[in-house]
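Take a look at the structure set out below.
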Amino acid sequence: MWILVVEDERKVAAFIRKGLEEESYTVDVACTGPDGECLAQANPYDLVVLDLMLPGKDGIEVCRSLRERGSTVPILMLTARDTVEDKIEGLESGADDYLVKPFAFEEFLARVRALLRRGPARDAVPLTVADLRLDRSTRTARRGDLEISLTNREFALLEFFMRRKGQVLSRAVIAEHVWGINFDSESNVIDVTVCHLRGKVDRGASFSLIRTIRGAGYMLCEREDR
Ligand code: CA
C-alpha cells in the first residue's frame with residue numbers, strides 16, 4: 001500500500017511517515033499544496049493524507065482540484081481547525097474523512113485502515129437516475145440504450161447533478177463545485193455547458209431530466225411530472 005502524506009510541518013510529517021512505515025506502508029511526503037497535487041496526479045497512491053493549511057495551495061483546493069480531474073483516491077484531511085463549517089467544507093471538497101490535530105496515532109491509523117479497506121468505492125456502483133446511468137469506473141454515460149459521449153467537464157457536471165437529484169442548484173453552487181471558481185455573473189460558461197449537456201442527455205428521450213428553474217438555477221428531475 002502506497003500512501004502520500006502532504007504536510008508542511010516537518011515534525012508532523014516525520015511522525016506520520018515513521019508510524020506508517022512501521023506498519024509496512026510505503027510513504028511519500030510532499031511539503032506544499034502544489035507538490036502534493038503534482039505527486040497525487042502522477043502516481044497511483046492507495047491513499048492521500050492531506051493537511052488543510054499548506055503553503056502554495058491549501059488542502060481544500062488541492063482536494064477539489066484532484067476530484068475535478070477525476071481522481072478517486074481516498075483522501076484523509078488533517079487540520080487544526082475544528083469548526084463544523086471547516087469539516088463540511090473539507091468533506092464537500094471531496095475528502096473522504098477528516099481528522100483534527102492533535103490526534104492519537106492509533107486513531108489516525110484506524111482511519112487510514114478503514115479508508116484503505118473501503119478503497120475508491122464511490123466508483124464501484126454506477127449512479128442511476130430514471131433511465132440515465134453514469135459509470136465512474138469506465139467513465140461512460142448511457143440514457144436507455146444510447147451511449148452518451150461527454151467531455152470531462154460535462155461528466156463532472158452530470159455527476160454533480162445526479163448526486164443531488166431533485167435539488168435546485170444555483171449557478172454559484174455549480175460554479176464552486178464543478179469549476180472550482182466563484183460564480184461570475186458576466187460569464188455564461190455554466191449555461192452554455194448545461195445547454196450542451198442537456199442536448200446530449202435529453203435528446204430523443206421521452207422526457208427531460210435536466211430542468212431550468214427560472215431565477216434559481218437548474219435541477220435534475222427523476223420523473224416527468226416535476
Ligand atoms: Ca499545515
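Descriptive notes on the structure:
- Residues T128 and N152, FRET efficiency given R0 of 35 Å [Cβ-Cβ distance, rounded to 0.05]: 0.95
- The simple spin-label model puts a point 7 Å past each Cα toward its Cβ; for I213 and E107 those points are separated by 3.7 nm.
- Of V173, V112, V49, the one that fluctuates the most in a GNM where the chain has Cα springs shorter than 10 Å: V173
- Helix 105-118 vs. the chain, principal-axis angle (Cα, 0 to 90°, nearest 10): 40 degrees
- Considering only Cα atoms, the convex hull volume of the chain works out to 131 Å³ per residue.
- Note on the chain: with a GNM built from Cα contacts shorter than 10 Å, the maximum mean-square fluctuation among V73, V100, V48 falls on V100.
- Between the Cα long axis of helix 33-42 and the first principal axis of the chain there is an angle of about 70°, rounded to the nearest 10.
- Aspartates and glutamates with Cα under 15 Å of K200, excluding same-chain neighbours fewer than 8 positions away: D131, D145, E147, E154, E159, D191
- Each part reduced to its alpha carbon centroid, region 1-45 and region 195-222 end up 42 Å apart.
- Positive-end ranking of A30, V73, Y98 along the dipole of region 1-124, with charges on Cβ about the Cα centre, is headed by V73.
- Across K18/K101; K18/K87; K57/K87, pairs whose alpha-carbon gap is larger than 24 Å: K18/K87
Where a number appears in this text, it was derived from the coordinates with a stated rule and is not lab data. Since the model is a prediction, treat every value here as computed from it, not as a measurement. Backbone-built Cβ (ideal geometry, glycine too); neighbour counts: all protein chains shown.
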